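Before any comments, here is the structure.
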């Protein structure tokens, strides 16, 4: 019986030592990459206008303002879009033939139904190319 216990202990040690080799796991590195935004193809003959409007309901600069700005800029016919979180203002330069007030409002609303666009017609200005 004593010999059996000794054998079990020896076999256990052998398994423990052979399974605990100095195996190293390869180090995994995560590298963040950002793809450059595809360059927009704009019509040089288009009649671009700039409109400013306020956006109520934004709670943060990154999660709200940047998402709205990205949605506006992604629209066909939008040349430039800037959303300032502090002033709660959006300024968009766009082609009048492709984009209108309703489409801009819909783009903002697509980001969240908590956003409310206050449009001031007097802020609209024609941009010379």
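The values are calculated or read from the model by the stated rules, or taken from the named source; none is laboratory data. As the structure is a computational prediction, the values presented were derived from the model and not from experiment. A quick note on method: Cβ atoms are made from the backbone with ideal geometry, for glycine too, and the neighbour counts reach across all protein chains shown.
Considering the range 1-114, the qualifying helices (runs of 4 or more DSSP H), each wholly inside and each with 3 or more residues that are at pLDDT below 80, run over 2-19.
For the range 43-94, a residue qualifies if it is touching a strand residue (DSSP E or B) at 6+ places or on another chain (Cβ under 6 Å) and more than 21 Å from residue 116 (Cα to Cα), and the qualifying residues are 46, 48, 49, 77, 79.
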